[in-house]
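What follows is one structure encoded as structure tokens, with my remarks underneath.
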Amino acid sequence: MKWMKLLTIASGLTIVLAGCGTSTNSQSTPAGSPAVGSKADAGGKQAKSDGPVTITFWDDNAGPNRTPYYQEIFKKFEQKYPNIHVEYVGVPQQSYKQKFDVAIASNDMPDVGAVGNQFVSDFAAKGALLPLDTYFDKWEEKDKMIPSIMTFVRSLVPDKKLDMLPNTLFMDLYWYRADIIKQAGLNPPATWDDFFKDVDKLTDPGKNQFGYGMRGGTGSINQLTTAMYAYSGITEYFDGNGKATVNDPKNVEFMKKFAALYKKDTAVSDITNGYKEMVAEFNSGTAAIIQHNFGSYNDNLKSLGADKFAGVLLPKSMNGKRVTVTNPNGYSVFKSTKHPEEAWKLVSFLASSDIQTYWNQNIGQMPTNQDSMNSDYAKNAQHIQDGAKALADKDTIVLKVPIYLPDYAGIQTQQLEPNLQKVLSGAMTAEDFLNGWAKAMEKSNEDYKKAMKK
């Protein structure tokens, strides 16, 4: 296929990542009965087996808030399919992309992996993923999957094949400390003016309390992209001429306001904050408001209780439009598996209505299965209902972020994250940061289009 030539675009990044590998501290545990790992080299062709089959599963974000639920799900799976064992390998989020890249380069991939939507294009361009269309078309629950989400997932690759079956979706929102905001006599921010004024009013350095908890380290760019476009109301990442809109004056305006919060309405340490540090500030009361997605709901609930926090979607832009970014994640079968039939059984089990309900209610995210969306969990979770209403609103526009570019993630981590820290520290201007961002994305997009024509 023409688009397989995209591999040459991303190969340099892959080599760099593979060459600087570090220990991932991944954990491998059988979900049920003891299992022996299998080498996958059959290109997705079904291997004959006279005995039990082992499917190796890699979790892309292992930890105490997710791993126990996978272990419970795999026990249920093995009860339903006693001749299939699941070998669970938990990979920490900060190292899973590197681990997957090395596995792909060495043809030592798992049978099934949890794959974020931002990496589907990259993995597919490297020829690593098995299209699931044939299996999906015969699946008894295919008509329960929300059509718009399935269309989005297919749009991640040029040939529109189904390379990932989604089981969860999340959107960003502002989590706020309801107790702190109430004590200050404020309401949750309904407009962008409210947001910038409120974080200033909520800041009291003498009490070690700051209005906003900023994520300046790993993972910062996804959140910044969402907030910036929500503020500006710009609905396209590239204009009709292929020019990136990230350095539009409205986005520059937001970037300056956002950077001005650092050290004034945030803790000094926020410049290196990842997810865990940001949430720790929120739970301790050091930060009154943070930006994150649905997935941190249960972390906040366990730490604070239902009365001390709540969430509100990012405000609409000044033009009245709500521009948002949706993130469906799910599972892929890797092409080298010797057991594609069994791998599909696992993937489809994970996306089934009952399992989706169990998974999403425990991690606080939105299901992609219509039956799961009608569950008591989804009906009673305010943030899920708010998200569903927003997506149904005629004034809501979903920004198509170019995660289909094979080097999109590399640009984020290697260029944009360190440059954001330069902006916060005063070593780079907002204009230079966004101009560099635009230039990198324009080049990546142009390379992508050229490769598609070959």
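Summary of computed values
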read-out: In degrees, nearest ten, helix 220-232 long axis to first principal axis of the chain (Cα); value: 60
read-out: Cα shape, the range 357-454, gyration tensor, a/c 1.5 rule; value: prolate
read-out: Kirkwood hydrodynamic radius of the range 216-291, from inverse mean 1/r over distinct Cα pairs, in Å; value: 13.7
read-out: Alpha-carbon spread of the range 263-316, three principal axes, descending order, Å; value: 29, 29, 17
read-out: Charge dipole (the range 275-430, unit charges on Cβ, about Cα centre) - positive-most of Ser317, Met278, His292; value: Ser317
read-out: Column: log10 I(q)/I(0), Debye, Cα scatterers of the range 102-200, q = 0.18 Å⁻¹; value: -0.84
read-out: For the range 353-413: span of alpha carbons on each principal axis (Å, largest first); value: 40, 30, 17
read-out: Under-5 Å amide H pairs with Val157, H placed in peptide plane, nonlocal only; value: none
read-out: Dmax and Rg, reported as Rg then Dmax, of the range 128-270 (C-alpha, Å); value: 20.4, 62
read-out: Kirkwood Rh and Cα Rg combined as Rg over Rh, evaluated for the chain; value: 0.96
read-out: Using alpha-carbon coordinates, inclination of helix 93-105 to the longest axis of the chain, degrees; value: 40
read-out: Prolate/oblate/rounded call for the range 294-393, Cα gyration tensor, a/c under 1.5 rounded; value: prolate
read-out: Dimensions (Å) - the range 160-205, Cα atoms, principal axes, largest first; value: 51, 21, 20
read-out: Calculated on alpha-carbon atoms, Rg and Dmax of the range 178-234 in Å; value: 13.0, 39
read-out: Computed helical MRE - 222 nm, the chain, DSSP H runs ≥ 4 contributing -39500 (n - 2.57), nearest 500; value: -13000 deg cm²/dmol
read-out: Which of His383, Tyr331, Asn362, positive extreme of dipole for the range 307-389 (C-beta unit charges); value: His383
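Every read-out reported here was derived from the displayed coordinates using simple, explicitly stated rules and does not represent laboratory data. Not measured: the values here are computed from a predicted model. Note that we place each Cβ from the backbone using ideal geometry, even for glycine, and neighbour counts take in every protein chain shown.
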